[in-house]
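S.K.: Sharing a structure with you now.
The values are calculated or read from the model by the stated rules, or taken from the named source; none is laboratory data. Just so you know, these numbers come straight off a predicted model, no measurement behind them. Positions of Cβ are backbone-derived with ideal geometry, glycine not excepted, and every protein chain shown enters the neighbour counts.
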Amino acid sequence: MNQIQRTSMLLCLTIFFVAGAITLIAKWPDISGYLQKTTSKSVPITSVAGTADPFRYEPPLPSLVRDLKPTYAIQAELKTNQARIVGKETIQFDNPGTDEIHLYVYDYGWSPLKVHSIRDGQKKVSFVRRGSVVSIPNNFPADKRISLTIEFETAVPRSGTRFGTKDDVWTLTNWYPMLGALDQLSRWYEPPRPVGYGDPFVYHYADYDVRFLSPEGYKWVTSGGRGQRIHVAGGQQEIRYQGKRLLNFSLVGSPLYHLEQMRVGSLTVDIAVSDKKNIPQVKAIAEAAFSAYSELYGELPYPYVAIAETGHTYAMEYANLAIFSKNMYANNEVNHWLPHEIAHLWWYNSVSTLEAQTGWIDEGLVEWSVYHYMKKRHGQAMADTVMGEYQREMEQLKQRYPDGNLGKTLRQFRDYYEFDWTWYSKGAVLYDQLRKQIGEQPFARFLKQVQRDYHGKVIGPEHLDQALGQTLNGNAEYFARNLNRANRDGIASAHIQHYVNTVLNGAPFYPQVPAREVGDTVYVPLREVMERFGFEVTWGDEEGAIRLRTAEKELILTEHSADVRFNGKQYRLPHALIEVEDRTMAPLSFFQQVLRYQVEYDAAAKRVRITVPSK
């Protein structure tokens, strides 16, 4: 192949990839529905090196949140004596093309966030607040990008809540108005109402430039590192923070904090604690957890993360922040929940979910991550103790809530125990069962695939299944098929249709829909293969009839049938035709028993050879 040929091929492939990605986004509703409904027969799962087609490209599924490419420029001041944040922000984003633009305000009813004004340049914009949603008419039809400046004031609760201050520790989360989130059909998500546990938030990844004014002496850890500090008159300090593709922007600070910084690989980790004697314990846990997770999931795609100790929150995650209560030092609970929150830096932070709908995706995986952390740091026996607890709680779930399932949303759980045992314990067992079924190395490749494909995106079960299929070189169903399965029925094993390399008359052949194992046979795409062998393929007058012709041969088949007529003689195949991705697929027996072609299948290599005998 000369240089011109290589360049032409690369150009064609580039056009194909881009066109495929555009088509995928346009067809997202159909694809999503298809992935939810598809079923396949179960076969043993094995890891297969290589791929059915070295040039085959399956783009990642679109994020469940349409990316409007938002940027935030925020100037805010914390008035500690009044427990208030006074701020102004400019949000720029792609025009969504909707009648309204939504902002989300995640405050407490008894401690409101007030939106004083919204402006488009110097022009005032009208708005209406309804619950957590601020609605603005989209009067910018000609603008590709929209820029809104919002003046707001936020009351910081003086209580031990997720957002609040207690004992001079300030946990500032969800403290500013945020751009709302659209699905791929351009419908705004409705933020769920809180229930007292879980995370009823929908976020939109964005770039941030934040200037934050606070009293001199306050030490902060944030979603954007330590920032650049400027001393301001009147005993104040202004710190500028910048970050890209952040899920939100949060700060935890106190004049009582001791700050320590450590490096784990390429990652800078800030640690904030109120008592210096706790730093060695926190550092030891952090070093072990970050090392274990980086090896398994891949390097975290952020330069800075932080760990913050408070005295009033149990444990929680926000963008690039792992937060835990100092009460956890008792009974060494910190050795479970700090690794849990560190794992959220990958699962929730780098790759997000619709927390109120499918929170088990990240909560289950971070609980499984604690198992992995225990194994790496303390050995298999300690890890088995952790997994044993998850399994016992899953058994309790079966007994007390037999009709429940993973598909329940946050507000559908009967009580806290059903929520906890479903998302945390059953979720952890779900991932562990997959690990045992496919093996350690394929499981690690699967997790890396999810991180690589979906960093900065919001995913659901169908995204996990696609990544699993790509890891195992096939069409996989595991997460979606377990979504609505009743607790009493346990967890179903993964189904996989392995893709099969196809060789026709000695030459590799790459059909648009790959050949694959289905049950105990191999199916190949009928039209593409038969046209390769010189047949004309048409659909007959009879419904579902398929006619194959050459000068000497005529075959008539029927969709979803095992009956074949070849030059007037009737045959019945041991396996019927099937349909995959709108393609009719024929079993190997069609080529062996009807056409009398030479067929060889190497199950270990996942390769089929079909050869037309010479006359």
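S.K.: Looking at (1) without any contact (Cβ under 8 Å) to a residue 12 or more places away in the chain; (2) of a type in the set (S, T, N, Q); (3) within 20 Å of TYR189 (Cβ to Cβ), find the lone condition where SER126 falls short.
M.R.: Status for SER126: all satisfied but (3).
S.K.: Here's another thing I want to ask about it. Would you confirm, using the coordinates I've provided, whether GLY534 is in contact with a strand residue (DSSP E or B) (Cβ under 6 Å, 6 or more places away or on another chain), surrounded by fewer than 20 Cβ atoms within 10 Å (Cβ to Cβ) and not hydrophobic (A, V, I, L, M, F, W, C)?
M.R.: Taking the combined requirement at face value, the residue does not satisfy it.
Residues checked against (1) touching a residue at least 40 places away in the same chain (Cβ under 8 Å); (2) in contact with a Phe, Trp or Tyr (Cβ under 6 Å, 6 or more places away or on another chain):
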| site | (1), (2) |
| --- | --- |
| TRP539 | no, no |
| THR550 | no, yes |
| TYR571 | no, no |
| HIS575 | yes, no |
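S.K.: Within the range 449-468, track down each residue that is of a type in the set (Gly, Ala, Ser) and surrounded by 23 or more Cβ atoms within 10 Å (Cβ to Cβ).
M.R.: ALA467
Yes or no, residue by residue, for (1) of a type in the set (Lys, Arg); (2) over 17 Å from GLN592 (Cα atoms); (3) out of contact with any Pro (no Cβ under 8 Å at 6 or more places or on another chain); (4) assigned by TED's automatic domain parsing to the domain that holds ASP602:
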position: ASN505; (1), (2), (3), (4): no, no, yes, yes
position: PHE509; (1), (2), (3), (4): no, yes, yes, yes
position: GLN512; (1), (2), (3), (4): no, yes, no, yes
position: ALA515; (1), (2), (3), (4): no, no, no, yes
position: GLY519; (1), (2), (3), (4): no, yes, yes, yes
position: MET530; (1), (2), (3), (4): no, no, yes, yes
position: GLY540; (1), (2), (3), (4): no, yes, yes, yes
position: GLU543; (1), (2), (3), (4): no, yes, yes, yes
position: LEU548; (1), (2), (3), (4): no, no, yes, yes
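S.K.: Can I ask one more? Inside the range 144-153, can you point out the residues that are surrounded by 12 or more Cβ atoms within 10 Å (Cβ to Cβ) and within 16 Å of GLN92 (Cβ to Cβ)?
M.R.: Result: ARG145, ILE146, SER147, LEU148, THR149, ILE150.
S.K.: Determine whether the range 570-577 contains at least one residue that is under 35 Å from the mean Cα position of the chain (by Cα) and closer than 20 Å to ASN473 by Cβ.
M.R.: There is no residue in the range 570-577 that is under 35 Å from the mean Cα position of the chain (by Cα) and closer than 20 Å to ASN473 by Cβ.
S.K.: Within the range 565-576, can you find the residues that are more than 13 Å from LEU595 (Cβ to Cβ), assigned to a strand (DSSP E or B) and not charged (D, E, K, R)?
M.R.: GLN570
S.K.: Looking for something within 21 Å of VAL608 (Cα to Cα), buried (at least 16 other Cβ atoms within 10 Å of the Cβ) and either polar (S, T, N, Q) or not assigned by TED's automatic domain parsing to the domain that holds THR584 (or both) - is there at least one such residue anywhere in the range 476-486?
M.R.: Yes: the range 476-486 contains one or more residues that are within 21 Å of VAL608 (Cα to Cα), buried (at least 16 other Cβ atoms within 10 Å of the Cβ) and either polar (S, T, N, Q) or not assigned by TED's automatic domain parsing to the domain that holds THR584 (or both).
S.K.: Tell me yes or no: at least one residue of the range 578-588 is touching a Phe, Trp or Tyr at 6+ places or on another chain (Cβ under 9 Å) and surrounded by fewer than 13 Cβ atoms within 10 Å (Cβ to Cβ).
M.R.: yes
S.K.: Can you tell me which residue is farthest from the chain's Cα centre (by Cα) among those in the range 578-607 that are over 22 Å from GLU536 (Cβ atoms) and among the β-branched types (Val, Ile, Thr)?
M.R.: Result: VAL599.
S.K.: Answer yes or no: is there a residue in the range 63-72 that is among the aromatic types (Phe, Trp, Tyr), closer than 30 Å to GLN236 by Cβ, at pLDDT 95 or above and assigned to a strand (DSSP E or B).
M.R.: The answer is yes, given that some residue of the range 63-72 is among the aromatic types (Phe, Trp, Tyr), closer than 30 Å to GLN236 by Cβ, at pLDDT 95 or above and assigned to a strand (DSSP E or B).
S.K.: Could you identify the single residue in PRO96, PRO157, PRO141 that is assigned by TED's automatic domain parsing to the domain that holds VAL232, in contact with a Leu (Cβ under 8 Å, 6 or more places away or on another chain), at negative phi and surrounded by fewer than 20 Cβ atoms within 10 Å (Cβ to Cβ)?
M.R.: When all the criteria are applied, what remains is PRO96.
S.K.: Can you pull out every residue in the range 604-615 that is touching a Ser or Thr at 6+ places or on another chain (Cβ under 9 Å), surrounded by fewer than 18 Cβ atoms within 10 Å (Cβ to Cβ) and of a type in the set (A, V, I, L, M, F, W, C)?
M.R.: Within the range 604-615, just ALA604 meets the criteria.
S.K.: Then there is this: All but one of (1) in contact with a Gly (Cβ under 9 Å, 6 or more places away or on another chain); (2) surrounded by 12 or more Cβ atoms within 10 Å (Cβ to Cβ) hold for HIS560, so report the exception by its number.
M.R.: For HIS560, the exception is condition (2).
S.K.: Given the condition at negative phi and assigned to a loop (DSSP other than H, G, I, E, B), answer yes or no: does some residue in the range 414-436 qualify?
M.R.: The answer is yes; a qualifying residue exists.
S.K.: With the structure loaded, tell me whether ILE556 is touching a helix residue (DSSP H, G or I) at 6+ places or on another chain (Cβ under 9 Å) and β-branched (Val, Ile, Thr) or whether it fails that test.
M.R.: no
S.K.: Could you please give the count of residues in the range 250-269 that are surrounded by 19 or more Cβ atoms within 10 Å (Cβ to Cβ) and over 29 Å from the mean Cα position of the chain (by Cα)?
M.R.: Looking only at that region, the number is 3.
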